[in-house]
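Asks: Sharing a structure below in structure tokens format, with a few things to ask.
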Amino acid sequence: MSDKHAINGIITAIITPFRENKVDKKAYRQLIEMQVNAGISGVVPCGTTGESATLDFDEHEMLIDYTLELVNRRMTVIAGTGSNNTKEAIKLTEHAKKAGADAALTITPYYNKPTQNGMYEHFKAIAEAVDIPLILYNVPGRTGVNILPETVARLSEIKGIVGIKEATGSLQQVTEIIRQSRKGFIVLSGDDFTALPSMAIGARGVISVTSNIVPAEMVGMFRAYESGDLQKAMDINLKLWPLHNAMFVESNPIPVKAAAHLLGWISGEIRLPLTPLAGANLEKLKTAMAGLGLIHG
């Protein structure tokens, strides 16, 4: 993989805009262009933030194909290909490989609640079936299972498994993964809250929700950190903190889609069982956005 398509920096878990219950390709194209123009390192289509759980197979594959067409090698594309069904995850990952994605992001199996060995065998089976850089995705708050550092370390020795999106919010777990895994194994923060501190202990960047809304600011924080200007990076992080919090006042991607709708970028559509942001939580989001000058208070 060339430097241009390295897995680091600010990578946006891109939202999927809908209109009349179909993917709004025009709005999606505009979102992708905004990400490219802001200097974002890459995008993840069909992740949790992209409402992968409510995309059918045809929509999922179309979005991967369309993202690659729009990006046109201008940044990294990491296809979301996770499932709680190993066979299904392999099928989605095979499509990502065929389509030309730079890597695939695969979540720990949800609902099934597999053991550590079950998770090991699940990811091992995907890696052995498809020759594409594979990034594990650990988010126990959504899946009900936590892939432990020892298991990640075992998986890091498997050819093709190149990194992990770590979204426990635990810097201790991030440290243990880096300490125990093979040298060069990539760790990405899975939470905007922990992006900066995770980088300080060895993470390569973040797969971000907030960068859907303020991509240039997130890139600015990363570049300040990379250049050694820690004070500037901290200042940007603190400035964005209220927006980070607002992105999770309800289940992701409800707030981020509400924010994009308030900015006029997408329709307010979100698929059931998720419902649009309203009431006190919508006001919290508006307050955070107004504080950054994104909308009028």
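Asks: Specify the residue that is nearest to Thr76 (Cα to Cα); the eligible residues are those in region 127-182 that are polar (S, T, N, Q) and not in a helix (DSSP H, G or I).
Replies: Filtering region 127-182 for residues that are polar (S, T, N, Q) and not in a helix (DSSP H, G or I), the one nearest to Thr76 (Cα to Cα) comes out as Asn138.
Asks: Looking at Ala258, is it crowded, with 22+ Cβ neighbours inside 10 Å, in a loop (DSSP other than H, G, I, E, B) and at pLDDT 95 or above?
Replies: No: the conditions fail for Ala258.
Residue-wise test of (1) within 16 Å of Gly47 (Cβ to Cβ); (2) modelled with pLDDT of 95 or more; (3) out of contact with any Cys (no Cβ under 9 Å at 6 or more places or on another chain).
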{"residue": "Thr108", "(1), (2), (3)": "yes, yes, yes"}
{"residue": "Tyr111", "(1), (2), (3)": "no, no, yes"}
{"residue": "Met119", "(1), (2), (3)": "no, yes, yes"}
{"residue": "His122", "(1), (2), (3)": "no, yes, yes"}
{"residue": "Tyr137", "(1), (2), (3)": "yes, yes, yes"}
{"residue": "Ile147", "(1), (2), (3)": "no, yes, yes"}
{"residue": "Thr151", "(1), (2), (3)": "no, yes, yes"}
{"residue": "Ser156", "(1), (2), (3)": "no, yes, yes"}
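Asks: Out of the residues in region 243-255 that are touching a Lys or Arg at 6+ places or on another chain (Cβ under 9 Å) and over 17 Å from Leu31 (Cα atoms), which is surrounded by the most Cβ atoms within 10 Å (Cβ to Cβ)?
Replies: Checked region 243-255; the qualifying residue surrounded by the most Cβ atoms within 10 Å (Cβ to Cβ) is Ala246.
The values are calculated or read from the model by the stated rules, or taken from the named source; none is laboratory data. Bear in mind the structure is a predicted one, so any value in this text is a computation, not a measurement. Glycine gets a Cβ as well: all are built from the backbone with ideal geometry, and neighbour counts include every protein chain shown.
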